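Undergrad: Can you read through this structure? Questions will come right after.
The values are calculated or read from the model by the stated rules, or taken from the named source; none is laboratory data. Since this is a predicted model, take the numbers as computed values, not measurements. Methodologically, a virtual Cβ is constructed for each residue, glycine included, from the backbone with ideal geometry; neighbour enumeration extends over all protein chains shown.
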Amino acid sequence: MTVAAIDPKRRALGKGLDSLLPRVPTPASAADTEGGKPREIPLDQIDHNPFQTRSHMNEEQLAELAGSITSNGVVQPVLVRPLANGRFQLIAGERRWRASQLAGKQTIPAILRQVSDEQAMEITIVENLQRSDLNPMEQARAFDRLSREFHMTQEQMAVRTGKDRASVANFLRLLRLPASVQARVEAGELSFGHARTLLAFEHPEEIEKAAKRVVDLSLSVRQTETYVQGLMHPERAKKNPKPETPIDPNVREVQQRLQRALGLKVHIEDRNGRGKVIIEYARLEDFDMLLEQLARE
């Protein structure tokens, strides 16, 4: 989109990604890799990125990308690094690599870079964060991996990925959620805002019980904050009791279908066939992705 193309924050992140990509020293005979120029590499010679932080990929969007590649080819080269056995390892461009396989392509344009394991993982995280392809739990685990395996501080992770330190800390806090609640976040039933609000509870049982209630009632983040505060401070809730409005099962089903399709939290307010649809997003990248999906012909 045009807005994303000129966004200064995006431009800064792009430069940060480029700074992580030292070029492979190549002999004069290897003209196709000099100056960062892409070369065609057989898809079956490229190995999966072991540092990939995404565990879920939208199959419908992948099929659409495969269709585009069939018609127009791969517009942006993937990034790979050479391995000692003569093969290559993917660094960035997981969706393009998979979609090219789905499209039946034999080769893919790729740029070679000589990077360490740490740099490869950093590049993977930065690329995914820029493209909003990670759900909150995937981001949390990615930051945790940088911390555990590469001993980075929250400040260092913030600088490398273009996020502020407070955001990094908030993502890491999500790992305190019980496994069942983390699964709800990954499935899109709970947003980052919901999850962060639920962390006000100390005990896993309290979090699980509250999370189920939030999902069952399709509460917005703001409603969840009120609900959590009411549980933690019941004396305040008694002063201003608010009856909970039951949600029509058909409306709830539509909400869940929209959430699965968009990958974002959706809330529908319906009153006798009239109302509004509220779609929550936490980042500019999520908003851009939503516009692209809604603007498709």
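Undergrad: Being of a type in the set (V, I, T) and at pLDDT 90 or above is the filter here; which residues of the stretch 75-95 pass it?
TA: Filtering the stretch 75-95 for residues of a type in the set (V, I, T) gives 75, 78, 80, 91.
Across the stretch 75-95, the qualifying residues are V78, V80, I91.
Undergrad: For residues that are touching a residue at least 60 places away in the same chain (Cβ under 8 Å), under 24 Å from S147 (Cβ atoms) and not charged (D, E, K, R), scanning just the stretch 163-193, find the one that is surrounded by the fewest Cβ atoms within 10 Å (Cβ to Cβ).
TA: G193
Undergrad: Filter the stretch 184-205 down to the residues that are within 24 Å of M232 (Cα to Cα) and of a type in the set (A, V, I, L, M) and list them by number.
TA: V185, L190, A195, L198, L199, A200 - these are the residues of the stretch 184-205 that are within 24 Å of M232 (Cα to Cα) and of a type in the set (A, V, I, L, M).
Undergrad: Additional query: Name the pairs whose Cβ atoms lie under 6 Å apart, with the first residue in the stretch 139-152 and not assigned by TED's automatic domain parsing to the domain that holds D117, the second of a type in the set (D, E), and 6 or more positions between them or separate chains?
TA: F150/E118
One line per residue, one yes/no per condition, for (1) over 19 Å from R176 (Cα atoms); (2) assigned to a helix (DSSP H, G or I); (3) modelled with pLDDT under 80:
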site	(1), (2), (3)
E208	no, yes, no
R236	yes, yes, yes
Q255	yes, yes, no
E285	yes, yes, yes
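Undergrad: Sticking with this structure for a sec: Would you tally the residues in the stretch 40-93 being surrounded by fewer than 21 Cβ atoms within 10 Å (Cβ to Cβ) and under 26 Å from L290 (Cβ atoms)?
TA: So the count comes out to 22.
Undergrad: Against the condition more than 23 Å from the chain's Cα centre (by Cα), part of a strand (DSSP E or B) and assigned by TED's automatic domain parsing to the domain that holds R39, how does L112 come out, does it pass?
TA: Judged against the criteria, L112 is a match.
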